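Report on the structure given below.
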Amino acid sequence: MDFDLVIKNGLIATASDVISGQDIGVRDGKIACIGFGLPTTSSTQIIDAEGGFITPGGVDSHVHLEQWNTPTGDTWITGSRSALCGGTTTVIAFASQNKHHESVLPIVDDYAALAKGRSSCDYALHLIMTNPTPKIVNEELPFLVKEHGITSVKLYMTYDPMKLRDREILDIMVATRRLGMTTMIHAENHDMIELIIETLEARGQTDPYYHAVSRPQLAEAEATYRAIALSEMMDTPILLVHVSSETAAKHIRDAQTRLLPIYGETCPQYLYLLSERLKGENFEGAKCVCSPPLREKPADLDSMWTSIANGTFTTFSSDHAASKFGVEGGKRLGLINGRPYFKKIPNGLPGLETRLPLLYKGVQEGRITIHDYVRVSASNPAKLYGLHTKGAIQPGLDADFIIWYPEGKMEPFELTNAMLHHDIDYSPFEGMTFTNWPRYTILRGQTVWSRDGEGFMAKQDQGRYVKRGTSALGGPRNVFVNEWRPPV
Ligand code: DUC
Ligand code: ZN
Ligand code: ZN
Ligand code: ZN
């Protein structure tokens, strides 16, 4: 067999094994085989991995790009470029319903049109539901699953424009259970947060730091447990997004120990950044406002690493929701009459490009294994969200890879924002030292990023829309809380 590309001398890392001494043969954008001494011809491209790890192209299953209700300084063009330069070959972004939209079908078409021809990485869409009318739930969701391959929804338990009542979440779960969809939940107790914000405001405590005070760990833990209870009653799988606190993670782990189909996600900011960052001079704290907020203690960060290592977290996503710190539309957001006002600060951090290098650092530092890295950065997000051609290094799947430097080969560097390829004027991870970074990113057999060579090399329209299937991880179990059964 002739190959278009053969990658030699790498350590092929999967979620369970490291394969050494074997080559990867790629043909027509797919992994054709893995074997010893694969033959090459004059037309075969050969990449020598020089002993570095080869991991699956990253799947970032939680990214906001050009979304009406979330800060998105990046466009599909700049966001997808930044993804590839950081080793992510597939992103799942959001199409978002606004409460007054009576149909979500045109919305999905609008979001798909924004990405079409403007994404250099492969992509898919989740649907955010904020007003689950019977027509949307019963007629439109089945259509989206079948025709668009949109097999997941995100629901919010907080924010006035997005928040759903528990009853609405239960009604949606009837449909998502029936359709085999994954239900993502933003779990924070809205009423606790609302009361704290009102009182902070009345006391003039409106600096960026009070954003973290307004959303305590308890608010996340309570809502996480409540979401798990709703899921248990409905026998419907859920993924808790952007988990930031130990008690929330414990609720997830307890549920998993009971074999409930409960999944969890965390993000780089909850592994590395503390709420003291919100206290920066000159409004610098605004750069680190996200929800759930950064937590207080180094032990909080440690517990998130532990929850990756012990398998509690299923996926590791950027939650890239970036806005420029500098002026936007002529004024800096988050200031009112020159005074900081945390409620008005755009909520979210940039992180598409730094996600995988930051996770890989955890492998280098012995916090997690290379298998944990592969599992949460690519394999599990591909399985959970039905990206069945992605996320693993296996014959027949898309030839999406990261090739890392062999340890000691890359010149260590301190990250500056200028090194990144997003269209944002800062990174919260600036100043951190990196001793590895994706050396090559390969998308369906094409080298799209070469750190020592030409840099970013993808065409603007190189990314393809991926129509997703249903989850390959555990779903409904037909185990119920009593004799009651959800409607089928
Ligand atoms: N939730 C997200 O998923 N992203 C940004 C802000 C938020 O609340
Ligand atoms: Zn409210
Ligand atoms: Zn959220
Ligand atoms: Zn998000």
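The values are calculated or read from the model by the stated rules, or taken from the named source; none is laboratory data. Keep in mind that what you see is a predicted model, and the values were worked out from it rather than measured. Heads up, the Cβs are rebuilt from the backbone with ideal geometry, glycines too, and the neighbour counts pull from every protein chain shown.
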Give the residue, chosen from 391, 396, 386, that is touching a residue at least 12 places away in the same chain (Cβ under 8 Å), more than 17 Å from residue 121 (Cα to Cα) and surrounded by 19 or more Cβ atoms within 10 Å (Cβ to Cβ). 386
Somewhere in the range 426-435, is a residue touching a helix residue (DSSP H, G or I) at 6+ places or on another chain (Cβ under 6 Å) and on the phi > 0 side of the Ramachandran plot? no
The range 271-318, subset of a type in the set (Ser, Thr, Tyr) and in a loop (DSSP other than H, G, I, E, B), residue nearest to residue 209 (Cα to Cα): 291
It is to be established whether one or more residues within the range 238-258 are surrounded by fewer than 24 Cβ atoms within 10 Å (Cβ to Cβ), in contact with a Lys or Arg (Cβ under 9 Å, 6 or more places away or on another chain) and outside any loop (DSSP other than H, G, I, E, B). yes
Residue 196: under 27 Å from residue 381 (Cβ atoms), at pLDDT 95 or above and of a type in the set (A, V, I, L, M, F, W, C), yes or no? no
Quick check on the range 183-201: of everything there that is within 15 Å of ligand 3 (Cβ to nearest atom) and of a type outside the set (A, V, I, L, M), which residue is nearest to residue 239 (Cα to Cα)? 183
Filtered residues of the range 183-212 (kept if within 16 Å of ligand 4 (Cβ to nearest atom) and either more than 30 Å from residue 275 (Cβ to Cβ) or of a type in the set (D, E, K, R) (or both)): 188
Tell me whether the range 198-207 contains one or more residues that are within 15 Å of ligand 1 (Cβ to nearest atom) and not hydroxyl-bearing (Ser, Thr, Tyr). no
Between 196, 172, which is out of contact with any strand residue (DSSP E or B) (no Cβ under 7 Å at 6 or more places or on another chain), among the aliphatic types (A, V, I, L, M), farther than 18 Å from residue 334 by Cα and not in a loop (DSSP other than H, G, I, E, B)? 196
Is it the case, given these coordinates, that residue 235 is charged (D, E, K, R), surrounded by 19 or more Cβ atoms within 10 Å (Cβ to Cβ), at pLDDT 95 or above and more than 16 Å from ligand 1 (Cβ to nearest atom)? yes
Pairs returned, first residue in the range 137-149 that is under 23 Å from residue 168 (Cα atoms), second residue that is polar (S, T, N, Q), beta-carbon separation under 7 angstrom, 6 or more apart or interchain, are 140/103; 145/151
If I filter the range 340-359 down to residues being more than 16 Å from ligand 1 (Cβ to nearest atom) and either aliphatic (A, V, I, L, M) or assigned to a helix (DSSP H, G or I) (or both), which single residue comes out as surrounded by the most Cβ atoms within 10 Å (Cβ to Cβ)? 356
Taking the conditions exactly as written (within 21 Å of residue 317 (Cα to Cα), more than 16 Å from ligand 1 (Cβ to nearest atom) and modelled with pLDDT of 95 or more), does residue 152 satisfy them or not? no
Condition (residue is part of a strand (DSSP E or B), surrounded by fewer than 24 Cβ atoms within 10 Å (Cβ to Cβ) and either modelled with pLDDT of 90 or more or touching a Phe, Trp or Tyr at 6+ places or on another chain (Cβ under 7 Å) (or both)) applied to the range 360-378: is it met by at least one residue? no
From the list 46, 19, 54, 31, pick out the single residue that is part of a strand (DSSP E or B) and over 29 Å from the mean Cα position of the chain (by Cα). 46
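A quick yes/no check of all residues on (1) more than 16 Å from ligand 3 (Cβ to nearest atom); (2) of a type outside the set (D, E, K, R); (3) outside the structural domain of residue 424 (by TED's automatic domain parsing); (4) under 30 Å from residue 235 (Cα atoms):
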site: 265; (1), (2), (3), (4): no, no, yes, yes
site: 273; (1), (2), (3), (4): yes, yes, yes, no
site: 280; (1), (2), (3), (4): yes, yes, yes, no
site: 285; (1), (2), (3), (4): yes, yes, yes, no
site: 297; (1), (2), (3), (4): yes, no, yes, no
site: 316; (1), (2), (3), (4): no, yes, yes, yes
site: 319; (1), (2), (3), (4): no, no, yes, yes
site: 322; (1), (2), (3), (4): no, yes, yes, no
site: 339; (1), (2), (3), (4): yes, no, yes, no
Residue list for the range 98-116, restricted to those being out of contact with any Leu (no Cβ under 7 Å at 6 or more places or on another chain) and outside any helix (DSSP H, G or I): 98, 99, 100, 101, 102, 103, 116
Would you check which residues across the range 73-88 are part of a loop (DSSP other than H, G, I, E, B) and under 25 Å from residue 314 (Cβ atoms) and list them? 86, 87
Take the residues of the range 129-162 that are surrounded by fewer than 18 Cβ atoms within 10 Å (Cβ to Cβ) and within 16 Å of ligand 4 (Cβ to nearest atom): which is nearest to residue 193 (Cα to Cα)? 159
